[in-house]
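Asker: Encoded as structure tokens, here's the structure I'll be asking about.
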Amino acid sequence: MATERTLAILKPDCVRKNLIGEVIRRIQEAGFTILGLRLTRLTKAQAEGFYAVHKGKPFFEELTTFMSSGPCVPVALEKENAIADFRTLIGATNPDEADEGTIRSDFADSIGENIVHGSDSVANGEIEINYFFDQATLVANER
Ligand code: CMP
């Protein structure tokens, strides 16, 4: 298995519910190394840029309004098999379909407000990490 990077975003619902600590705890317990971590509030335009791949879909307006509705926490993560393992940790996009014990099953209210984002491929992980972090900072934070 290869070492991979993924971008997590602890979404505005996660921050509002005071779950930053609990979600980070689960991420670390699952063996991910944190290479970058920020608290930031996306503008609507930044949310639209980040989710540009979903432009034109029926939920795009709702998604980008929600993602710019309050602070969020982008986290750059590294681990063997990070993309698949992170998606296992968080569960299915729709919390009603997420396996028991996953972050979304335990904490998410709906498919739109689902606590946490995870990259869906290695290539997208790199693109998404670069949206929030300087590569030099990530390298400096390697263990
Ligand atoms: P995320 O992993 O951040 O990637 C895209 C997001 O779009 C997804 O999580 C969901 O929160 C959101 N999304 C996907 N499908 C729907 C939908 N049918 N209605 C509302 N939001 C959706």
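The values are calculated or read from the model by the stated rules, or taken from the named source; none is laboratory data. Note that the coordinates shown come from a computational prediction; the quantities given were computed from them, not determined experimentally. Here Cβ is always computed from backbone atoms with ideal geometry, including for glycine, and neighbour counts include all displayed protein chains. Heavy atoms of the whole protein, side chains included, go into the accessibility calculation; ligands, DNA and RNA do not. Shrake-Rupley method; radii C 1.70, N 1.55, O 1.52, S 1.80 Å.
Asker: Would you mind telling me the share, in percent, of accessible area of the chain contributed by carbon and sulfur at probe 1.4 angstrom?
Answerer: Working: 3660 of 7240 Å².
Within the chain, the accessible surface is 51 percent carbon and sulfur.
Asker: Length gain on complete extension for the stretch GLU97 to GLU22, per 0.36 nm per residue less the alpha carbon to alpha carbon distance? Please report the intermediate quantities before stating the final value.
Answerer: Numbers: separation 75, 0.36 × 75 = 27.00 nm, distance 2.13 nm.
That works out to 24.9 nm of additional length.
Asker: Can you list which of the GluC sites (Glu not before Pro) found in region 39-143 are DSSP loop residues with at most 12 other C-beta atoms within 10 Å?
Answerer: GLU100, GLU142
Asker: Which residue, ALA92, ALA52, ALA82, has the most motion in a Gaussian network model of the chain that connects Cα atoms within less than 10 Å?
Answerer: ALA52
Asker: Can you count the Lys pairs in the chain with C-alpha separation below 22 Å, eight or more apart or on different chains?
Answerer: On the way: LYS11/LYS44; LYS11/LYS55; LYS11/LYS57; LYS11/LYS79; LYS17/LYS44; LYS44/LYS55; LYS44/LYS57.
Going through the chain pair by pair, I get 7.
Asker: At q = 0.12, 0.13, 0.18, 0.20 Å⁻¹, what is the base-10 log of I(q)/I(0) for the chain according to the Debye formula with one equal point scatterer per Cα and no solvent? Please give it to two decimals.
Answerer: Those come out to -0.44, -0.52, -1.06, -1.33, one per q.
Asker: Could you give the length gained on full extension between MET1 and ASN141, defined as 0.36 nm per residue of separation minus the Cα-Cα distance, in nm? Before the final figure, lay out each step's value.
Answerer: Working: separation 140, 0.36 × 140 = 50.40 nm, distance 2.19 nm.
Full-extension gain reported as 48.2 nm.
Asker: Tell me what the chain gives for mean residue ellipticity at 222 nm when only DSSP H runs of n ≥ 4 count, each as -39,500 (n - 2.57), the sum divided by the residue total, rounded to 500 deg cm²/dmol.
Answerer: On the way: 8 runs with 61 residues, N = 143.
Using -39500 (n - 2.57) per qualifying helix, the result is -11000 deg cm²/dmol.
Asker: Same structure, new question: With the chain treated as a Gaussian network of Cα nodes joined by springs under 10 Å, which of PRO95, PRO58, PRO12 yields the largest mean-square fluctuation?
Answerer: PRO58
Asker: So what's region 70-143 giving for Cα Rg divided by 2.2 N^0.38 Å, two decimals? Each step should come with its number before you reach the end.
Answerer: Numbers: Rg = 13.5 Å, N = 74, 2.2 N^0.38 = 11.3 Å.
Cα Rg divided by the expected 2.2 N^0.38 Å: 1.19.
Asker: Can you pull the one-decimal nm distance between simple spin-label points at LYS44 and ASP134, each 7 Å off the Cα toward Cβ?
Answerer: Going from the LYS44 label point to the ASP134 one covers 3.1 nm.
Asker: Next up: Where only protein heavy atoms count, and the probe is 1.4 Å, what is the accessible area per residue for the chain in Å²?
Answerer: Details: 7240 Å² over 143 residues.
Heavy-atom accessible area per residue stands at 51 Å².
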